[in-house]
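Data first, discussion second: the structure below is written as structure tokens.
The values are calculated or read from the model by the stated rules, or taken from the named source; none is laboratory data. As the structure is a computational prediction, the values presented were derived from the model and not from experiment. Cβ placement follows ideal geometry from the backbone for every residue including glycine, while neighbour counts extend to all protein chains displayed.
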Amino acid sequence: MGVRSRKQSEEKQMKKRKKTLWNICSIMVIMMLALTSIKAAGGTIEINLKDLPQTEIEKAGVTFTMYKVGTMSDDGKADLYETYDMSLPDTAEGLQKLAEELVEQPGKEKVGKQVSDEKGYLSFHNVENGIYLLVPSDMERYGKVAPFIVTLPMYEDMDDGYQGPSYHLQIEPKASPNNEPEKPNPPVDPDEPTPPIEPEKPTPPEKPEEPTPDHPMTPVRPGTSDTSTTTTNKNEEPKKDMTLTQTSDTSRTGLYALLVMLSGLGMYIAYSKYKKGVS
């Protein structure tokens with residue numbers, strides 16, 4: 001009895017395992033069929049216009065035109081058409097700049113056009129894999145919407161790696177009010193003051209030339225004639241001639257010597273006469 005009951009228990013467990021395995025296989029088949037049908041039907045791109053800080057806006061009537069500008073594989077390999085001679089950037093700023101450049105390119109492949117409802121909603125269905133440019137228009141009553149680029153499927157860069165592929169995209173495009181005030185320009189730094197110019201040093205005055213005094217001519221001794229004429233300045237006082245003074249002193253000395261000699265001679269004559277009289 002023990003062996004028989006053990007076999008029956010093993011058979012029940014085996015049936016449970018087979019049933020569980022069958023359920024797992026069925027679920028995998030259903031998922032594969034679902035993914036295949038989604039891929040065959042194409043993806044979906046939904047657009048929702050956001051609220052803007054304006055008292056009166058109208059979300060209805062904004063048109064989005066979609067152009068295909070490149071290819072996208074299921075494993076995430078994206079390439080722009082060779083016609084554009086551009087590469088797909090990997091930053092949001094780069095994608096925005098690329099979208100603005102592609103808007104100006106002629107001959108784009110137009111895929112479809114949709115208009116937003118009163119809630120600002122619109123969608124594109126059965127979109128095949130590729131890179132798409134969406135260009136807004138008729139948005140005067142809503143605001144300013146920038147063109148943008150999307151890829152289908154989409155891979156999102158998460159903290160733990162890339163997530164995807166995703167074939168159902170929900171997008172809220174970048175927009176701003178029509179009457180958005182312009183940002184004031186930053187103040188300009190004032191120019192540094194120009195340093196004052198140092199005044200030039202004055203040129204020292206030239207030293208005046210010393211006046212050359214007019215020397216009076218030596219006076220001529222009395223009794224001699226002088227044919228030369230001496231010119232003196234009327235404002236100058238006549239200078240004394242030291243030569244004349246020296247000549248006068250010499251004449252007086254000679255006269256004194258002569259008087260002494262004559263006095264001696266007279267005394268000698270008188271003495272001689274006196275001596276003869278005594279004899």
Original post:
Just for strands (runs of 3 or more DSSP E) wholly inside region 87-149: which have at least 3 residues that are basic (Lys, Arg)?
Top reply: none
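Provide a single number: the residues in region 152-167 that are touching a residue at least 12 places away in the same chain (Cβ under 8 Å) and either more than 42 Å from the chain's Cα centre (by Cα) or surrounded by fewer than 14 Cβ atoms within 10 Å (Cβ to Cβ) (or both).
Residues in region 152-167 being touching a residue at least 12 places away in the same chain (Cβ under 8 Å) and either more than 42 Å from the chain's Cα centre (by Cα) or surrounded by fewer than 14 Cβ atoms within 10 Å (Cβ to Cβ) (or both): 7 in total.
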**OP:** Filter region 8-45 for residues that are closer than 30 Å to residue 114 by Cα and modelled with pLDDT of 75 or more and give the result.
**Re:** 42, 43, 44, 45
